[in-house]
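Input: a single structure, listed below in structure tokens.
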Amino acid sequence: MSRYFLSTFFILTCFFGISQKSQRTVIYDQEYVDYIKSVELKKKGTTFSYPIVDLRGGKLTLSFDDLDPEDKQYIYEIYRCNKDWETSPLNEIEYIDGFNGEEIRDFWYSENTRVDFTHYRLDIPNDDIRWTRSGNYVIVVYEEFDDGKEPILARRFMVTEDRIKLTSRFISPINARFVKSHHSLDMTIDHKNFPITDPMNEISLTVMQNGRWDNAQSNVYPRFTKPNEILFNYLDGFVFPGIKEFRVFDTRSIRTSGENIHSIELNEDGADVLLDLDFIRSGDNHLVDNDINGQFFIWNDDDPRVNIGGSLRGNDRERIVINANTSADYTNVIFTLKSKKLNHDVYVVGKFTNWSKMPEYLMEYDESRGIYICEGLLKQGRYEYLIGEDIEGNLDFSYTEGSRFETENEYTILVYYSEFASRHDRLIDVITINSNYRP
């Protein structure tokens, strides 16, 4: 069986079954081959950010590494989705100005690394393609062959309009069990400058915690309306566990041990990085930490071309970023957790796993040492993560991490407008608020 068979079947079902409206498929962030690593989709010029861009302007940058030694030709295509991340019934010409299927032309080979790779970058929109409507989108990168193409990765992003005024505030949960462990929000929409005929049925919200889709609360409709106002003040309608501040490790240098690094062993084929031993945290008191809410970024402090100091802009900054990405090496990172044997599978998760249960980050239990252990190939940089249990298909952190209301988290609120008889969902506002900075 071809190594691409399953992923090809998934993509074909998603994107070429658009005309079969009864057979739409939900699309997820994913790499479809194991030699594609370090995929990032973020606002251009940022170290890390959510893939959200304004319809009126702004760009996103997609970057990834190919660890396979063969030269490839990669093309990309952009598809529009509805608010539930199912393929849209719109034709391509209704949301795209330009051409799908263009080649990714910008790439660089790794320099002085133990693990060889090719680094690819793409800015969107560009001279070849731009979107013309707000809403949910997916970019898919394909490897092109003489007789067809095969998908290698997919990432979703959002294009927003600034049409209404959304305000949100944190409130104390009604349920007493959640007061010390959870965050609760309510929202109000002011749409006096944007007439909405039937707000109770045409407006819905999605709320994400720290950019995660695995626990997002979606398709929440209003509770009340007033003249020019839409209210979502449900009792405990938007409640999220605060969890704990993220665990972190820093491999920006592999010449010296960074934060939470126990040891680094260099060899000709690469480097083994053993992290400090992790422990169960549910019984620990809350500790304040200046984390980046589960994100990661790639960097190499060992390259003198990167650490030149000063404030850089434009092409100079881009050159430094390219140098950091092409000289940063891949290391075999080893995670360990001291624990009794649990009744459920245990995973390491974070942005670098797409917040999904990736097979390489399934921790195996070592009875003789009383620890869970797993390892994964990760590029030099700074990474944040959590350790969770797979309980009935969902990640649960209540025992392995614990949850406190003092934990700092970001919440992104997306407002979708599904006008009656329209065939698409518009994204008419997006805001991100922080649980520690309350008006």
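The values are calculated or read from the model by the stated rules, or taken from the named source; none is laboratory data. These figures come from a predicted structure and were not determined experimentally. Every residue, glycine as well, gets a Cβ built from its backbone with ideal geometry; the counts of neighbours run over all protein chains shown.
For every residue, the table says whether it meets (1) free of Cβ contacts under 8 Å to residues at least 40 places away in the same chain; (2) assigned to a strand (DSSP E or B).
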{"site": "T61", "(1), (2)": "no, yes"}
{"site": "P69", "(1), (2)": "no, no"}
{"site": "I75", "(1), (2)": "no, yes"}
{"site": "Y79", "(1), (2)": "no, yes"}
{"site": "D97", "(1), (2)": "yes, yes"}
{"site": "E111", "(1), (2)": "no, no"}
{"site": "D123", "(1), (2)": "no, yes"}
Study note, to complete from the structure: Counting only residues in region 19-54 that are part of a loop (DSSP other than H, G, I, E, B) and β-branched (V, I, T), the one modelled with the lowest pLDDT is identified as T25
Review point. In region 364-397, which residue that is part of a loop (DSSP other than H, G, I, E, B), at pLDDT 95 or above and not acidic (D, E) is farthest from K37 (Cα to Cα)?
Key: S368
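Just to confirm my filter: which strands (runs of 3 or more DSSP E) fall fully inside region 156-268 and include at least 1 residues that are under 25 Å from D29 (Cα atoms), among the polar types (S, T, N, Q) and within 19 Å of the chain's Cα centre (by Cα)?
203-209, 217-220
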Check your understanding: Which members of region 325-371 meet the condition of being surrounded by fewer than 15 Cβ atoms within 10 Å (Cβ to Cβ) and among the hydrophobic types (A, V, I, L, M, F, W, C)?
Key -> L362
Review point. Scanning for something more than 30 Å from H191 (Cα to Cα) and among the basic types (K, R), does region 380-399 turn up at least one residue?
Key: yes
Practice item. Please identify the pairs in which a residue from region 311-323 that is over 18 Å from K59 (Cα atoms) and modelled with pLDDT under 90 has its Cβ atom under 8 Å from the Cβ atom of a residue that is part of a helix (DSSP H, G or I) and among the hydrophobic types (A, V, I, L, M, F, W, C), counting only partners at least 6 apart or on another chain. Key: L312/I320
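Being modelled with pLDDT of 95 or more, farther than 30 Å from N82 by Cβ and either part of a strand (DSSP E or B) or in contact with a helix residue (DSSP H, G or I) (Cβ under 7 Å, 6 or more places away or on another chain) (or both) is true for just one of T432, T336, T326, T400. Which residue is that?
After applying the criteria, what remains is T336.
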Study note, to complete from the structure: Of the residues in region 181-201, those that are surrounded by fewer than 16 Cβ atoms within 10 Å (Cβ to Cβ) and out of contact with any Lys or Arg (no Cβ under 7 Å at 6 or more places or on another chain) come to K192, N193, P195, T197, D198, M200, N201
Practice item. Working carefully through the options E364, E419, E401, find the one that is over 30 Å from H119 (Cβ atoms) and in the same structural domain as F238 (by TED's automatic domain parsing). Key: E419
Review point. Is there any pair linking a residue in region 32-53 that is over 19 Å from D68 (Cβ atoms) to one that is part of a strand (DSSP E or B) and among the acidic types (D, E), with Cβ under 7 Å and at least six apart or on different chains, and which?
Key: K44/D123
